[in-house]
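Q: Please see the structure below; I have some questions.
Bear in mind these aren't lab numbers, they're just calculated from the coordinates by the rules spelled out. The structure presented is a predicted model; accordingly, all values stated were derived computationally and were not measured. Here the Cβ positions follow ideal geometry from the backbone for every residue, glycine too, while neighbour counts run over all protein chains shown.
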Amino acid sequence: MNGINLNLFQFEFDLTWMSFFMDAKNRIYTRYGGRDDSSPESHLNRDSLLATMRSALALHKLQDVLTSRLEPTGRTVRTPEQIPTMRAMLAKRKNKCIHCHDVKVARLKHLRNQDKLKRHMVFTYPTSANLGITLDPGEQSLVRTVQSRSPAARAGVRVGDRIVKAEDHRVLTLGDLSRVLEETPAAGRLALQVQRNGQVIPVRLELANGWRQSKDPSWRESLHMVGPNCGLWGRKLNANERRRLKLTSDKLALKVTFIWGPHTRKAGIRVGDVIVSLDGQTRDMTIKQLHAHPTLNRNWGDTIPVVLRRAGRDVTVRMTFPKGPPD
Amino acid sequence: MSRTVLLATAMLATTAAPSLAQTEKPAAQKLDGLISWVYDYEQGRRLAKRTGKPMFVVFRCER
């Protein structure tokens with residue numbers, strides 16, 4: 001991301017792949033990319049990319065660029081290097097590449113330095129899932145499922161509807177919709193136009209506080225910025241190991257493979273221990289999901305119980321997080 | 001679709017960094033394959049202007 005104009009290229013910096021179809025005047029036809037909690041490639045596939053390319057070519061012939069109020073002009077250039085915390089981040093590295101997630105981490109760090117960082121700020125670029133909608137991965141404006149009692153269901157969105165516009169912003173892809181959702185307030189309304197049986201129908205979604213949050217944000221590289229973590233790395237036990245320890249597949253079973261946190265060592269956690277409960281959480285999860293729990297639910301300085309399976313016995317230790325984030 | 005119809009501009013994590021010292025600029029990581037990627041956005045824009053083609057600008061970040 002070195003030298004990239006962030007005022008022009010605005011997207012989910014936690015992800016690994018994003019694209020823009022543009023003209024030579026910095027104007028955007030459509031965005032392609034984005035992901036949900038399930039997978040980095042949840043909405044990346046050959047068919048949808050080809051369809052988007054065809055649409056972009058057709059729009060280019062008509063010079064039909066996006067013109068809604070949400071579209072960045074990019075006239076004022078702002079680069080990642082201008083984020084006040086970026087220089088210090090890069091100074092610690094041999095390789096000076098600025099990754100996409102570095103941009104978000106640097107921004108969150110800057111907010112933290114100003115005492116303005118809030119946990120919910122990690123939930124950037126919501127997807128259709130936050131509305132209760134699953135979009136077809138191939139035809140990305142087509143509604144595949146609508147979750148009952150969701151904002152979309154309450155507004156009357158139906159399976160088979162095609163989202164044409166969101167807040168007057170043309171929607172061809174998940175990337176287009178996500179861009180609008182990023183600019184939608186923490187609580188409020190979202191106006192959609194959906195095509196149904198050849199007719200364009202306006203629907204209005206009521207979005208309650210917290211709608212931007214998703215169920216499993218553990219994939220977000222920037223998550224560690226908003227709360228404490230367990231200071232360790234680990235792996236899930238395989239089936240044989242679980243059988244030996246009498247831990248069923250639905251239960252938490254993470255073997256500690258590496259410890260970096262002084263607070264983790266101080267708690268008495270050792271490499272080789274198997275975590276079977278953390279702060280009361282006993283369901284099966286990945287190491288990233290394990291970290292996400294305290295990061296999103298506990299504060300710096302809090303103490304939580306951790307149950308370890310060690311030499312065939314359960315040992316309960318108490319882990320106290322550092323009083324504040326590292327510099 | 002012909003691969004020459006769209007200009008392909010790959011904005012990797014390694015493009016030029018104007019505000020870093022010259023020695024700190026990371027080298028571009030070139031991609032293999034059939035597409036002739038342009039690794040500099042402004043160069044891509046100039047090409048798009050000259051040829052009248054739209055741009056396909058890709059950000060690909062490795063961790």
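Q: Answer with one residue from A:120, A:132, A:60: the one whose Cα lies farthest towards the positive end of the charge dipole of segment A:4-138, charges on Cβ with Lys, Arg +1 and Asp, Glu -1.
A: Working it through, the farthest residue towards the positive pole turns out to be A:120.
Q: Among residues other than residue B:46 whose Cβ falls under 14 Å from its Cβ, what is the net charge (Lys/Arg +1, Asp/Glu -1)? Write down the numbers at each step before the final one.
A: Working: positive: A:25, B:45, B:49, B:50, B:53; negative: A:23, B:40, B:42.
So the environment of residue B:46 carries a net charge of +2.
Q: Restricting things to alpha carbons, tell me how big chain A is in terms of Rg and Dmax, in Å.
A: 22.3, 70
Q: Hey, another quick one. Using θ = phi - 60° and the Karplus curve 6.51 cos²θ - 1.76 cosθ + 1.60, what whole-Hz ³J(HN,Hα) does each residue of segment A:62-78 get, with Gly and Pro shown as x?
A: 8, 6, 8, 7, 5, 10, 5, 5, 7, 6, x, 8, x, 5, 8, 8, 9
Q: Extension gain residue A:209-residue A:189, at 0.36 nm per residue separation less the Cα-Cα distance, in nm?
A: Values: separation 20, 0.36 × 20 = 7.20 nm, distance 1.11 nm.
Stretched fully, the residue A:209-residue A:189 segment lengthens by 6.1 nm.
Q: If you don't mind, another one. Lone cysteines in chain A, going by a 4.7 Å Cβ-Cβ cut-off?
A: A:97, A:230
Q: Separate question: How many percent of DSSP beta bridges within the protein assembly as shown run antiparallel, rounded to 5?
A: Looking only at bridges with both residues in the protein assembly as shown, the antiparallel portion is about 90 percent.
Q: At 7 Å along Cα-to-Cβ for each site, give me the label-to-label distance between residue A:145 and residue A:248 in nm.
A: Label-label distance for residue A:145 and residue A:248, simple model: 2.4 nm.
Q: Counting alpha carbon pairs within less than 8 Å and at least 6 residues apart, what relative contact order, in whole percent, applies to segment A:245-325? Could you put the intermediate results ahead of the total?
A: Values: 124 pairs, mean separation 25.5, N = 81.
Computed over segment A:245-325, the figure is 32 percent.
Q: What is the spin-label model distance, in nm, from residue A:73 to residue B:32 if the labels are put 7 Å beyond Cα along the C-beta direction?
A: Each label point is offset 7 Å from its Cα along the Cβ direction, giving 4.5 nm.
Q: Once the convex hull of the C-alpha atoms of segment A:1-144 is built, how many Å³ does it hold per residue, rounded to a whole number?
A: In segment A:1-144, the Cα hull volume divided by residue count equals 145 Å³.
Q: Still on this structure, I have one more. Which stretch or stretches of segment A:105-147 have amide N atoms under 15 Å from the point lying 7 Å from residue A:197's Cα along the Cα→Cβ direction?
A: Hits in segment A:105-147 for residue A:197 at 15 Å: none.
Q: Relative contact order of chain A: what whole-number percent is it, with Cα pairs under 8 angstrom and at least 6 residues apart? Present the calculation step by step, with values, prior to reporting the outcome.
A: Details: 605 pairs, mean separation 45.5, N = 327.
Dividing the mean separation by the residue count of chain A yields 14 percent.
Q: Want the number for residue A:302 to residue A:111: 0.36 nm per residue separation, take away the alpha-carbon distance, what's left?
A: Residue separation times 0.36 nm, minus the Cα-Cα distance, leaves 66.6 nm.
Q: Relative contact order of segment A:128-207, please, whole-number percent, based on alpha carbon pairs below 8 angstrom and at least 6 residues apart.
A: Across segment A:128-207, relative contact order equals 27 percent.
Q: Work out the FRET efficiency for residue A:318 and residue A:162 from their Cβ-Cβ distance, taking R0 = 41 Å, and round it to the nearest 0.05.
A: 0.15
Q: What number, rounded to the nearest 500 deg cm²/dmol, is the helix-based mean residue ellipticity at 222 nm of chain A, given -39500 (n - 2.57) per DSSP H run of at least four residues and division by all its residues?
A: The helix-only estimate for chain A comes to -6500 deg cm²/dmol at 222 nm.
Q: Considering only the other residues whose Cβ falls under 12 Å of the Cβ of residue A:55, what net charge follows from Lys and Arg at +1 and Asp and Glu at -1? All intermediate terms of the calculation are to be shown ahead of the outcome.
A: On the way: positive: A:31, A:54, A:61, A:170; negative: A:64, A:139, A:176.
Surrounding charge for residue A:55 is +1.
Q: Sticking with the crude label model, points 7 Å out along Cα→Cβ, report the distance from residue B:42 to residue A:216 in nm, one decimal please.
A: For the pair residue B:42/residue A:216, the computed spacing is 4.4 nm.
Q: Still on this structure: In Å, what Rg and Dmax follow from the Cα atoms of segment A:228-311?
A: 12.1, 37
Q: Place a +1 charge on the Cβ of each Lys and Arg in the protein assembly as shown and a -1 charge on the Cβ of each Asp and Glu, then give the dipole magnitude about the Cα centre in debye, rounded to the nearest 20.
A: 780 debye
Q: Follow-up. Using modelled amide H (1.01 Å from N, peptide plane; none on Pro or chain starts), what sits under 5 Å from the amide H of residue A:234, excluding residues fewer than 5 places away?
A: A:257
Q: Got a sec? How would A:176, A:216, A:250 order by Cβ neighbour count within 10 Å, fewest to most?
A: Ordered from fewest to most neighbouring Cβ atoms within 10 Å, A:176, A:216, A:250 come out as A:250, A:216, A:176.
Q: Chain A: longest stretch without exposed GluC sites (Glu not before Pro) (DSSP loop, at most 16 other Cβ within 10 Å), sites themselves excluded? Mind showing how you got there, number by number?
A: Numbers: sites that count: A:41, A:139, A:183.
The segment A:184-327 is the longest one with no such site.
Q: Near residue A:71, within a Cβ-to-Cβ distance under 9 Å, what is the net charge of the other residues, with Lys and Arg +1 and Asp and Glu -1?
A: Values: positive: A:27, A:69, A:179; negative: none.
Overall, the nearby charge balance is +3.
Q: Right, next: Only Lys, Arg, Asp and Glu count, each charged at its Cβ (+1, +1, -1, -1), so figure out the dipole size of segment A:263-327 about its Cα centre, rounded to 20 debye. Intermediate values should be presented prior to the final figure.
A: Numbers: 11 positive and 6 negative charges, 42 e Å.
Dipole about the Cα centre, nearest 20: 200 debye.
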